[in-house]
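Asker: Attaching a single structure in structure tokens format; questions to follow.
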Amino acid sequence: MKERVSDPDSLKNPVADIIKKGSVITLITLISRPLGYIREAVQAYLFGATILVDAFVVAFNFPELIQTLFFSGATSAFLIPVCTKYIKDNDEFSQIYSIFINIALIVTLSVSVFLFLFSDFIINIIAPGFTGDVKKVTNKLFLIMIPVITLHAVLSVMKAFLNAKEHFAAPELSGIIWNITFILSGIFLNNKFGIYSLAIGVSVGSIFQLMLQYPYLRTYNIRYNINFNLKHPALSDVKRLFAGAFIATSIVPINSFIGRMIGSYLPHGEVASLAYAFRIFILPFSLFAVPVYTVIFSKISKLYHDQDLKGIFSHIDSTIVLLSITMIPSTIIVCTNGETIIRILYERGAFGIDETVMTNRALFGYGLGLVFYALSLSFVRIFNGLHDTKTPALVGLSTIFINAFLSYLLMQRLNNFGIAVSTSLCSLYNFSMLYIMLKKKIKYTLSAKAMREITKSVIIGVITVLIIFIINKITYGHMYIGFVINMAAVIIVFSICFKEYYIALIKRFAR
């Protein structure tokens, strides 16, 4: 690949392209995310931030971690490019679909049996700080949710094959079905089963997710049959791609799991507060960062194949600029108005003012690293687009150890805030290392125009924080009025200063 310098004037087209394609994902997120918050609000209303919720969070996180590591995250990454080769032949397409469904069933059912037989031992590992009855409750919750591993693995295969056919609706709708089932289970089964009603909702909701995919699979002539041909050439391609896909998707869930495992030593409710805070933290990330890095991954891959280093530089510039002008205002809102947001979403029923304060501490810690969290995950995709999975894997592995050390160290004095801050510091470290290594790999440097836009966004951010400080002084004692004015101030200031970007986004949604 010939070395070329990024062209500042090429920034406009990549930005428009990313906005055009990414806005579809943002729109779907805007529709589906509120259900996730209703789910959390119902959970908070019924059980608050208590030791029972701590038990549920820990019990759910482990099977979720397994299916995320080995199936949900990695499956699409290695299956879509493989199955696309056979997309014109319905019989062959259905054959490899059946092979991977059967492999998923056999592997996950074997894992599930192992987890069932050794559940006591596993609970001792994942919740070392739990004792007595709490550990017994955690074990029962864990057993109820073990089927999720198999169900979500099969769902991931279905999703990959539907996406290869350029069908995205059913896989996205499956999350809505799951949330609705969880909510209804908590509301109607709570009196009879208590905290176990949530676990029932998790497993039954996963069954409904699979059922939703079936008519769409038939529409696209994707048929299941008993096929276990381990000599099929598609398996060779999967073996080549799996390691990189697995490593690329494992770091974030492992770090999250470690943080909550260490948090089991904290006072009751601290682990639950981390989960509630992270749910809020992840919204702006899902709205703005996920669409950006989803689009940029495919764009960088194509530009790398075309040997277009100039185009790669321009798209990396665009990525950093777009994340700066969306994540910085999001950080300001999360960190300056976190308590009000938590009150609106969660403070009712068993979730009182103490839980709000506790959750706000964690949210502030997470919010400090929102920009770097988005940048680090985007740079992982950039490296993958350059056909390099080794570099982000090595950096990510070092992040796991740093996160474990910092979480344990900071937790001693700062409780849940320490664990959340550890996540932010690790995101900063991860992005910094990837940025330095990218410069060494392809001689990448930020263009002058991109640097001006990023510097401008930081300065505007500082000015906005000062404006919010003044607003809070004026509206003291009127929290919700202040919140509305603060939100308006952030939106107005950034919209005026970066109007060309936001106008492009609004035009896309208006179509």
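Asker: Within the chain, which is the longest segment containing none of the chymotrypsin sites (Phe, Trp or Tyr not before Pro) that sit in a DSSP loop and have at most 12 other Cβ atoms within 10 Å?
Answerer: The reported range is 229-475.
Asker: Run the quick spin-label model on Phe114 and Phe208: label points 7 Å from Cα toward the beta carbon, then report their separation in nm to one decimal.
Answerer: 3.2 nm
Asker: Using a basic spin-label model with each label point 7 Å from the Cα along Cα→Cβ, how many nm lie between Ile353 and Lys440?
Answerer: Label at Ile353, label at Lys440, 5.3 nm between them.
Asker: In addition: Just want the answer: with Cβ charges of +1 for Lys and Arg and -1 for Asp and Glu, which residue in Gly365, Ala169, Leu155 is farthest toward the dipole's positive end in the chain?
Answerer: Looking along the dipole axis, the top candidate is Ala169.
Asker: What is the ratio of the Cα radius of gyration of the chain to 2.2 N^0.38 Å, with N the residue count, to two decimals?
Answerer: Output field value: 0.98.
Asker: Is the range 410-511 rounded, prolate or oblate when judged by the Cα gyration tensor, a ≥ b ≥ c being the square roots of its eigenvalues, rounded requiring a/c under 1.5 and prolate requiring a/b larger than b/c?
Answerer: In terms of gyration-tensor shape, oblate.
Asker: Could you calculate, for the range 378-448, the ratio of the Cα radius of gyration to the Kirkwood radius, expressed as Rg to Rh?
Answerer: 1.09
Asker: When you take every Cα atom in the range 339-426, what is the radius of gyration, and what is Dmax, the widest Cα pair distance, in Å?
Answerer: Spelled out, the Cα radius of gyration and Dmax of the range 339-426 are 16.3, 50 Å.
Asker: Something else now. Using the beta-carbon distance between Ser236 and Ala169 and R0 = 45 Å, what value does 1/(1 + (r/R0)^6) give for FRET efficiency, to the nearest 0.05?
Answerer: After rounding to 0.05, the efficiency reads 0.90.
Asker: Lys pairs in the range 51-266, Cα-Cα under 28 Å, at least 8 apart or on separate chains: how many?
Answerer: Summing the qualifying lysine pairs gives 16.
Asker: Pull out the extension gain between Tyr265 and Gln412, defined as 0.36 nm times the separation in residues minus the alpha carbon to alpha carbon distance; nm, one decimal.
Answerer: 51.9 nm
Asker: Give me the dipole magnitude in Debye, nearest 20, for the chain about the Cα centre, with unit charges on the beta carbon: positive for Lys and Arg, negative for Asp and Glu.
Answerer: The calculated dipole for the chain is roughly 900 debye.
Asker: Something else: Please report Rg over Rh for the range 97-174, where both radii come from the alpha carbon positions and Rh follows the Kirkwood definition.
Answerer: 1.14
Asker: Give me the Kirkwood hydrodynamic radius of the range 51-266 in Å, from all C-alpha pairs, to one decimal place?
Answerer: 18.2 Å
Asker: How large is ³J(HN,Hα), in whole Hz, for each residue of the range 36-47 in order, when computed from phi with the Karplus curve 6.51 cos²θ - 1.76 cosθ + 1.60 and θ = phi - 60°, using x for Gly and Pro?
Answerer: The phi angles translate into x, 6, 5, 4, 5, 5, 5, 4, 5, 5, 6, 10 Hz.
Read the figures in this text as sums done on the coordinates, not as results from a lab. Predicted model only: the values in this text are computed from it and were never measured. Here Cβ is always computed from backbone atoms with ideal geometry, including for glycine, and neighbour counts include all displayed protein chains.
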